[in-house]
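Just below is one structure, and these are the notes that go with it.
The values are calculated or read from the model by the stated rules, or taken from the named source; none is laboratory data. From a predicted model like this one, the values you see are computed outputs, not experimental measurements. Methodologically, a virtual Cβ is constructed for each residue, glycine included, from the backbone with ideal geometry; neighbour enumeration extends over all protein chains shown. Surface areas here come from the heavy atoms of the whole protein model, side chains and all, with no ligands, DNA or RNA. Shrake-Rupley method; radii C 1.70, N 1.55, O 1.52, S 1.80 Å.
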Amino acid sequence: MASSSPLSQPAFTWLRDLLWPVTDGTHEVIARYAVLSRGDRPRLVVPLGSKQAAAAALDRVTNDESTGRRMMRRLLATSARAGVLLPLMRHRFVSTASADGSLEGHLADAVGLDHVELAVTIGPPRPNRKPVIQIMNAAGETKAYAKVGWNGLTRQLVAQETEVLRSVDRTRLRRLQRPAVVHSGAFRDLDLLVVQALE
């Protein structure tokens, strides 16, 4: 992983080192990313390989955002689709393959695609934070989400969520819409739970 105009904030550095660790030697560049910040706080990692996927990541709103923030996200998403925003994003880095592959390749295999675009929201630091990765195709369609367990607590939380989802799936409740478990397992030092995106 190499970086251009890198952010030094601990929240971003922690996430970058966790998901895209620096590889030894020269390796193939797998994907390029930009980091969207609010003030001096990094908020979102967006893919640079697809305008549609970047726009989809920017357009995904959360319940804790104000109306103003949601409108700003939609404006940024429209700018990304038009090809105006991404060239202006200063904070960039690349993902490279290592001997055990790349996160992008691992998740592409998990969801049955040849190629995926990834986006990650950067939350505030806390012991139980689990990065959530939005997994999209090049058209910007969200296919799945991955939750990442990286320490004892978050690995336990990911394992519990996996078991709950599988037990609910075994009950065959027809009226309950729930995300199907697409994949669970280890990648490098991480425990991953990949669930299908609900339509």
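Consider only pairs whose beta carbons are under 7 Å apart and that are at least six residues apart or on different chains; among these, list those whose first residue lies in region 150-166 and is hydrophobic (A, V, I, L, M, F, W, C) and whose second residue is part of a helix (DSSP H, G or I). Every condition considered, the pairs that remain are W150/L18.
Only residues that are touching a strand residue (DSSP E or B) at 6+ places or on another chain (Cβ under 7 Å) and in a strand (DSSP E or B): list them for region 187-199, please. Listed by number, the residues that qualify are L190, D191, L192, L193, V194, V195, Q196. The set of residues from region 120-158 being outside any loop (DSSP other than H, G, I, E, B), surrounded by fewer than 20 Cβ atoms within 10 Å (Cβ to Cβ) and not charged (D, E, K, R) comprises T121, V132, T142, Y145, G152, L153, T154, Q156, L157.
Here's the yes/no breakdown for (1) open to solvent by 70 Å² or more (accessible area, probe 1.4 Å); (2) outside any helix (DSSP H, G or I); (3) at pLDDT below 95:
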{"site": "A56", "(1), (2), (3)": "no, no, yes"}
{"site": "T62", "(1), (2), (3)": "no, yes, yes"}
{"site": "L75", "(1), (2), (3)": "yes, no, yes"}
{"site": "T78", "(1), (2), (3)": "yes, no, yes"}
{"site": "G83", "(1), (2), (3)": "no, yes, yes"}
{"site": "P87", "(1), (2), (3)": "yes, no, yes"}
{"site": "D109", "(1), (2), (3)": "yes, no, no"}
{"site": "L118", "(1), (2), (3)": "no, yes, no"}
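Among the residues of region 159-178, are any closer than 30 Å to R81 by Cβ and modelled with pLDDT under 95? Within region 159-178, one or more residues are closer than 30 Å to R81 by Cβ and modelled with pLDDT under 95. Consider S95 carefully, then state whether it is within 19 Å of the chain's Cα centre (by Cα), surrounded by 13 or more Cβ atoms within 10 Å (Cβ to Cβ), of a type in the set (S, T, N, Q) and at pLDDT below 75. For S95, the condition - within 19 Å of the chain's Cα centre (by Cα), surrounded by 13 or more Cβ atoms within 10 Å (Cβ to Cβ), of a type in the set (S, T, N, Q) and at pLDDT below 75 - is not met.
Residues in region 28-54 that are over 15 Å from P131 (Cβ atoms), of a type in the set (S, T, Y) and modelled with pLDDT of 85 or more: 1 in all.
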